[in-house]
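To keep things clear, I will list the structure first and then write my remarks on it.
Just so you know, all these numbers are worked out from the coordinates, no wet-lab data involved. These figures come from a predicted structure and were not determined experimentally. Backbone-built Cβ (ideal geometry, glycine too); neighbour counts: all protein chains shown.
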Amino acid sequence: MSGLGDRVGAALRLPARRGGRVAVVLTLVLLAVVAGIGVGLSATVLADPVAAVVPPPPPVVPHPVLRPALDDGPAPTRAGVSAVLDPLITAGGLGTLSGRVLDPATGTVLWQRDPGAALVPGSTAKLLTASAALLALDHQERLHTTVMAGAEPGTVVLVGGGDPTLSAASPGTPTGYPGAARLDDLVDQVRAAARVPVRHVLVDVSRYTGDALAPGWVPTDVAAGYIAPVEPVMLDGGRADPSQDISARAAKPATAAAEELARRLGADPDTVSVGNASPGAAVLGEVSSPPVQDLVATALQRSDNVLAEALAREVARATGAPVSFAGAAEAVLAVLRRHSFDVSGATLVDGSGLSVDDAVPATLLTELLGAAAAPDRSNADKAGRSDADVARRQRTAALRPLLVGLPVAGGSGTLADRFHGPAGDAGRGWVRAKTGTLTGVNSLAGTVLDADGGMLVFALLSNGPNPVAARPRLDALAAELRSCGCH
């Protein structure tokens, strides 16, 4: 240390015993000066070479508080929003654009540009899947991976329960997904429950039907690490390296998971095969995923394609639809339609937005986000509420966790490395939005607090330009909504 620290240290070092009484007095005076407190020196203290130590004051504990959006400030106007957005759009570079800005407190549309045009959304399509999951599933529901006794002694069956977050990470090692269950816990349960050594592992993938890859997916995306074939059991989303969001995926993730289970149980992984558990078979072990609302948040924060596909299939199961790509896509749209969202312009073939065959208009994205961000009026007078009012309040309560999962500009998830340039700087920390990026596809949909503390909802979908050129332009549009009051 230097400066004051050195001086305090020097004050505490007593000189030789010549005039010990003087040394004690000088030391106490120096300590009093450094500490900034008055000390009364009695004769007793001066005579005692051991000075009392005054304990430091307790540390100050900060209590950060998130301030709510204001609903009593000056309201933005259509003219004000147009004045800041239109010049940026006129400057070009965004190709075909579908955009919309909404005031969620009033439902007022403040700006729009061809909002009904259904464009390829990229991963902003995950907002549809996440919304349907929050509306159709119990928020605290968990997905279970089970090992059951096989028909033959020494055989066990790994039953896929739809949880792609089950982790092969060893104890004490972080998992790829927050709060994920661990394969080792399943192994310990099976070892304790099995009556004979395990020699053969089967894997039951009957929870899902149909193809493992969706229409419009590029098969090379599996090796590139963007997606795994969608199967009801896998380890770490099928990743070869669980610590990396983008890592090569297993070509047969369910089989790979069963082979790893076999290895850890001492069985031959080469004998793994697909098979079904018998009705009434004994359960030897079971582990569970994080709750649905946490899975939704993770899928949005990280734009995790595999997790989004798993959630879409759970929506299909909950609504009685086929648990396939087509069934899940139909189920997601059906749930949204049932909750009064206009899905007539949307086309889905998957749950993640990875397919180039998906098409979504900005109108639908802002309706979903607007419902999630609507003011909480639960304490308002309940007398005279219509059934429609009650349904809207229930819808907002169900969709609220959607906002938690949105990445923060310049801070988290897929927006961590964005909004750092001069054009987007004003939005850093204030914009929360889902990203979407494919070749020639760029989208951004989320919320922003404007300069007056009011919340705005926006959706911007651009098809055509290269993402490197389009991303900063989308960021600049969202940042402008933050920096203006738009009156």
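Brief remarks follow.
- Estimated FRET transfer efficiency (T209, A248; beta-carbon r; R0 30 Å; 0.05): 0.70
- Here the Karplus relation 6.51 cos²θ - 1.76 cosθ + 1.60, evaluated at θ = phi - 60°, turns the backbone of segment 389-400 into coupling constants of 4, 4, 4, 5, 5, 5, 5, 5, 4, 5, 8, 3 Hz, with x for every Gly and Pro.
- Sorting the segments 346-354, 273-281, 394-402 by their mean number of nearby beta carbons within 10 angstrom, highest to lowest, gives 346-354, 394-402, 273-281.
- Inter-site label distance for S170 and R142 at 7 Å from Cα along Cβ, in nm: 2.5 nm
- Close amide H pairs (under 5 Å, H built 1.01 Å from N) link G285 with V147, residues at least 5 positions away or on another chain.
- Close amide-amide hydrogen proximity is noted between W430 and A409, each under 5 Å apart and 5 or more residues distant or on a separate chain (H modeled in the peptide plane; Pro and chain starts excluded).
- Share, in percent, of DSSP beta bridges within segment 144-290 that are antiparallel, nearest 5: 55 percent
- What the phi angles of segment 258-273 give under the Karplus curve with 6.51, -1.76 and 1.60, with θ = phi - 60°, is a coupling list of 5, 5, 5, 4, 4, 4, 6, 8, x, 9, 7, x, 6, 8, 5, 8 Hz, glycine and proline written as x.
- Prolate/oblate/rounded label for segment 349-487 (Cα gyration tensor, a/c 1.5): oblate
- At R0 = 41 Å, FRET efficiency that the Cβ-Cβ distance of R191 and T77 yields, to 0.05: 0.05
- A cut-off under 12 angstrom between Cβ atoms defines the neighbours of T363, and their net charge, with Lys, Arg +1 and Asp, Glu -1, is -1.
- Cα-based shape type of segment 236-300, given that a ≥ b ≥ c are square roots of the gyration tensor eigenvalues and the cut on a/c is 1.5: oblate
- Extension gain (nm, one decimal) between S483 and A397, 0.36 nm per residue minus Cα-Cα: 28.1 nm
- Likely footprinting exposure, W430, W111, fewest C-beta neighbours within 10 Å first: W430, W111
- 13 Å reach of a label modelled at A388, 7 Å along Cα-to-Cβ, counting backbone N of segment 337-367: 340-341
- For R263, the shell of other residues with beta-carbons less than 14 Å away shows a net charge of -2, using +1 for Lys and Arg and -1 for Asp and Glu.
- Here the 3J(HN,Hα) profile of segment 142-149, calculated from phi with Karplus coefficients 6.51, -1.76 and 1.60 at θ = phi - 60°, is 10, 9, 10, 10, 10, 10, 10, 5 Hz, Gly and Pro shown as x.
- DSSP bridge orientation in segment 129-228 - percent antiparallel, rounded to nearest 5: 40 percent
- Report note on the peptides 363-370, 260-267, 452-459, 170-177: ranked by the mean count of other C-beta atoms within 10 Å, highest first, their order is 363-370, 452-459, 260-267, 170-177.
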